[in-house]
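For reference, the structure is listed below as structure tokens.
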């Protein structure tokens, strides 16, 4: 085993005998390769890549898009109404997958921002959310 490691350019394994058991320790290959591999110098004139222009509006994930379509067609909706219309049962899943990203993007807002945990809380499209639809339709 030691000979094969040497031939492959790897560090030699270490053997230990404790309580009648043999323990073999092998070092990570990248550590051995650093010692064997010569340093590569970067090219003098690296190729220039043209800058990539980001999209005008970042793409919306599919779950948020479904929520936006729902709020556009139905107006402001509460948590239970959204879950029933989307066929969702888990409140936490709906919040993490649909509401939180939409709120973070500024596409949806709370109707009662001072009381986010109110039982009367509803969610509606913001100006940015409505602009997203206008851009999508054109």
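The values are calculated or read from the model by the stated rules, or taken from the named source; none is laboratory data. Predicted model only: the values in this text are computed from it and were never measured. With ideal geometry, Cβ positions are generated from the backbone for all residues, glycine too; neighbour counts draw on all protein chains shown.
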Revision key, fill the gap. Filtering region 66-99 for residues that are under 12 Å from residue 126 (Cα atoms), surrounded by 18 or more Cβ atoms within 10 Å (Cβ to Cβ) and more than 21 Å from the chain's Cα centre (by Cα) leaves a count of 1
Study note, to complete from the structure: A careful count of residues in region 87-99 that are under 25 Å from residue 137 (Cβ atoms) and either modelled with pLDDT under 90 or not in a helix (DSSP H, G or I) (or both) gives 0
Review point. Listed residues 102, 63, 32; which is surrounded by 10 or more Cβ atoms within 10 Å (Cβ to Cβ), at pLDDT below 70 and either in contact with a strand residue (DSSP E or B) (Cβ under 6 Å, 6 or more places away or on another chain) or part of a helix (DSSP H, G or I) (or both)?
Key: 32
**Study point:** Cβ-Cβ under 7 Å pairs, at least 6 apart or on other chains, region 3-21 side at negative phi, far side modelled with pLDDT under 75 and part of a helix (DSSP H, G or I)
**Key:** 10/29; 10/32; 11/31; 11/32
